[in-house]
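The values are calculated or read from the model by the stated rules, or taken from the named source; none is laboratory data. A quick note: this is a predicted structure, and the numbers were derived from the prediction, not measured. Virtual Cβ from ideal backbone geometry, glycine too; neighbours counted across all protein chains shown.
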């Protein structure tokens with residue numbers, strides 16, 4: 001009797017500003033079966049000082065939580081776990097300290113994701129867990145930021161992340177838990193000001209359903225049910241009634257609201273103020289709640305069988321179009337880079353496979369900066385890749401792409417390389433060398449295919465084998481390669497060319 005294989009289990013962790021969440025699911029056919037959820041209130045954002053450094057106490061709370069999650073994940077392969085960090089680690093100047101210490105606690109990479117990527121993944125989580133078809137407005141109020149997305153089916157049309165969250169607003173407007181009408185009005189007005197620049201754009205786009213996700217909106221829904229609104233629908237009128245009820249207390253500790261947990265009390269008034277402002281700015285009539293959010297989005301994107309084409313490929317192609325990249329040349333450089341890299345990493349593991357993919361995207365977009373100007377275009381390309389909104393890419397991946405194209409040509413000022421946490425410099429150096437060779441070999445922008453070229457790599461000493469006599473009939477290329485040898489030598493690398 002043949003036993004059925006054990007279903008694949010996958011896990012996602014959301015390192016939020018207020019709470020850390022972990023969800024574990026089993027892949028059953030074409031669906032996901034959630035088998036466990038874990039939540040720990042960490043209040044990471046409360047540990048940010050005025051210089052945007054996380055204090056040691058907040059770092060330790062976060063590490064303690066990850067240690068608990070790591071116990072549940074024992075035996076999970078790296079490809080079955082995704083960990084995403086949001087607003088607070090995006091803001092923290094010393095995020096690298098947290099990430100370095102976390103390496104010894106949980107053996108999976110932590111991705112710090114941009115706000116727009118957080119918004120996209122939140123929408124994906126909601127879209128997979130909501131039955132309604134049609135255009136949706138999704139609002140997610142976290143500890144440090146609020147994400148606002150309009151989308152349809154599994155595609156997003158409009159997304160923003162605003163720097164307003166229940167932990168940061170609580171610190172600023174409700175210090176020491178003090179509640180009064182003046183504080184509530186100031187918090188609401190501040191959130192409305194944040195919404196001012198995008199409100200008209202959202203109202204014009206319109207939607208059929210407004211959906212809230214995550215802890216703040218869930219808590220508001222639970223309290224409204226406790227107030228007698230058993231359908232759990234959030235409306236502007238009900239929010240006003242809830243606000244009046246909150247203002248009947250002088251301090252957050254005194255709040256006695258059915259459905260409100262003790263750990264949510266300190267930040268509840270701030271969350272209500274933000275949601276009030278969003279309702280008012282976008283003229284929302286009513287809102288339902290979805291259990292799906294960022295972590296569910298991570299899960300669904302991890303499992304290839306869920307309508308998942310790699311969104312990063314679509315993003316790279318869209319950017320190439322946006323910046324008028326010469327696609328024929330970009331494809332030539334990409335093909336050459338991937339061919340050379342396959343020779344130095346003939347049996348790539350998971351990390352090498354990911355790096356090979358990043359190399360391909362870097363090659364595809366290496367000339368994006370030409371849309372700004374030719375002089376220093378490699379630096380322009382790096383800037384565009386580092387600071388553009390790139391759905392599907394986390395901050396580290398964008399940094400890797402920016403680094404590759406920054407060092408594609410000219411002097412190798414390696415002391416200007418940024419700090420990385422998921423990848424190491426030793427991972428990037430072979431990619432940089434490979435891309436430089438691919439760019440140089442295609443410098444003539446010829447439509448003729450390159451001959452077979454072999455490359456051997458021994459750490460920083462590389463050997464390039466060109467066909468006999470080919471260099472003689474390609475003298476401009478030969479000059480470019482000699483120049484490349486000089487650049488390598490000044491960086492402490494060696495490039496030997498056999499002809």
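Before moving on, here are some points about what is shown:
- With a requirement of 3 or more residues that are in contact with a strand residue (DSSP E or B) (Cβ under 7 Å, 6 or more places away or on another chain) and over 15 Å from residue 288 (Cα atoms), the strands (runs of 3 or more DSSP E) lying completely within region 103-160 that satisfy it span 110-112, 146-152.
- Flag if residue 204 is buried (at least 16 other Cβ atoms within 10 Å of the Cβ), in the same structural domain as residue 266 (by TED's automatic domain parsing) and closer than 20 Å to residue 282 by Cα: no
- Within region 369-390, if we keep just the residues that are in a helix (DSSP H, G or I) and closer than 15 Å to residue 312 by Cα, the residue that is modelled with the highest pLDDT turns out to be 385.
- Residue within region 58-73 that is more than 14 Å from residue 20 (Cβ to Cβ) and not in a helix (DSSP H, G or I) present: no
Results for (1) in a helix (DSSP H, G or I); (2) over 33 Å from the mean Cα position of the chain (by Cα); (3) surrounded by 16 or more Cβ atoms within 10 Å (Cβ to Cβ), shown as yes or no for each residue.
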position	(1), (2), (3)
392	no, no, yes
400	yes, no, yes
412	no, no, yes
487	yes, yes, yes
492	no, yes, no
497	no, yes, no
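- Meets criteria (under 28 Å from residue 41 (Cα atoms) and surrounded by 15 or more Cβ atoms within 10 Å (Cβ to Cβ)) for residue 267: yes
- Residue in region 224-237 that is at pLDDT 95 or above, in a helix (DSSP H, G or I), surrounded by fewer than 20 Cβ atoms within 10 Å (Cβ to Cβ) and touching a helix residue (DSSP H, G or I) at 6+ places or on another chain (Cβ under 9 Å) present: yes
- Under the condition of being farther than 26 Å from residue 92 by Cβ and in a helix (DSSP H, G or I), the residues counted in region 165-185 number 5.
- Residue within region 453-460 that is closer than 21 Å to residue 341 by Cα, out of contact with any strand residue (DSSP E or B) (no Cβ under 9 Å at 6 or more places or on another chain) and assigned to a loop (DSSP other than H, G, I, E, B) present: yes
- Of residues in region 472-485 being in contact with a strand residue (DSSP E or B) (Cβ under 8 Å, 6 or more places away or on another chain) and buried (at least 17 other Cβ atoms within 10 Å of the Cβ), the one nearest to residue 416 (Cα to Cα): 484
- Look at region 170-188: where a residue is over 10 Å from residue 269 (Cβ atoms) and a partner is part of a helix (DSSP H, G or I) and at pLDDT 95 or above, sitting 6+ places away or on another chain with Cβ atoms under 7 Å, you get 186/173; 188/273; 188/276; 188/277.
- Taken residue by residue, region 471-489 has at least one member that is within 23 Å of residue 413 (Cβ to Cβ) and touching a residue at least 60 places away in the same chain (Cβ under 8 Å).
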